[in-house]
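Here's the structure we're looking at; comments come further down.
Bear in mind that the values in this text are calculations on the coordinates, not laboratory data. Note that the coordinates shown come from a computational prediction; the quantities given were computed from them, not determined experimentally. So basically every Cβ, Gly included, is an ideal-geometry build from the backbone, and we count neighbours across all protein chains shown.
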Amino acid sequence: MKSYVVIGIGRFGAAVAEELCSLGHEVLAIDDSEENIQRIADRVTHAVVGDAKDEAVLKSLGVRNYDCAIVAIGSDISDSVMATLILKEMGIKEIICKAQSSVHMKLLQKIGADLVVFPEHDSGVKLAHNLSSSNILNLIELSDDYSIAEISAPKHWFGKSIRELNIRVRYGINIIAVRSSGTDGVQISPQADYEVKPGDVLFAVGTHEALNISQEE
């Protein structure tokens, strides 16, 4: 079990806090809105009304003893930055922040956030890929240029091996895993002689453009 402090209990922060608690972790939720805290109080380990920009408040709550801090403040960039700076100075082991813009993301990265997530942007990227490529089932953005995608194997790949398809050279992507139809197991780093079958789900890494694989030949 790990311990987490979630600062900012809006929709994103509340979802993270509740899910972490449901997975058996200790979760401290902090927000300056009493209404937000009351709404989540019975779904996390501890819920406190407090100003995360006040170092004394964070120290009094023992925040420095938590394994990870998640700054989910989305309404005010300055509040998010200030809370992150304080947590960094307190020596928190891991700090994850939510950004509301690319500028906000870069600023959080510069002041030492270990991981910055951009939920609205990531959701938009996933939607765009799903709309433009019917065989992309899910997308995890790794950077501005690269993603990992779950791809429903195109029909014209059926019965052909990864080597025969020359996927890396022809499409500019790498197949890192395969989940065969009708199974829950995943085959990591499939061999070059693996033959693609109907219903296969391929996990591929590549540029956003390269991952838009057409279903047609």
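Some points to look at:
- Candidates 112, 62, 50: whichever shows maximal mean-square fluctuation once the chain is modelled as a Gaussian network with Cα springs under 10 Å: 62
- Non-local lysine pairs in the chain, meaning eight or more places apart or on different chains, with alpha-carbon distances under 23 Å, amount to 24.
- Applying 1/(1 + (r/R0)^6) with r as the Cβ-Cβ distance of residue 11 and residue 114 and R0 = 30 angstrom yields a FRET efficiency of 0.85.
- Extended-chain gain in nm, criterion 0.36 nm per residue less alpha-carbon gap, residue 164 and residue 142: 5.1 nm
- Cβ-Cβ FRET estimate between residue 88 and residue 46, R0 fixed at 25 Å, reported to 0.05: 0.65
- By the count of other C-beta atoms within 10 Å, a proxy for reagent exposure, 61, 20, 87 are ordered fewest to most as 61, 20, 87.
- The antiparallel fraction among DSSP beta bridges confined to the chain stands at about 50%.
- The longest stretch of the chain left intact once loop-based trypsin sites (Lys or Arg not before Pro) with at most 16 other Cβ atoms within 10 Å are removed from consideration, loops following DSSP, is 3-92.
- Quarter of Cα convex hull surface for the chain, i.e. mean projection, nm²: 13.8
- Close amide-amide hydrogen proximity is noted between residue 27 and 4, 45, 46, each under 5 Å apart and 5 or more residues distant or on a separate chain (H modeled in the peptide plane; Pro and chain starts excluded).
- Amide H contacts under 5 Å for residue 176, placed H, 5+ residues apart: 203, 204, 205
- Across 37, 77, 162, mean-square fluctuation computed from a Gaussian network of the chain (C-alpha pairs under 10 Å connected) peaks at 162.
- Residue 35-residue 1 FRET efficiency (beta carbon distance; Förster radius 25 Å; 0.05 resolution): 0.30
- GluC sites (Glu not before Pro) within the stretch 142-213, DSSP loop, no more than 10 other Cβ atoms inside 10 Å: 209
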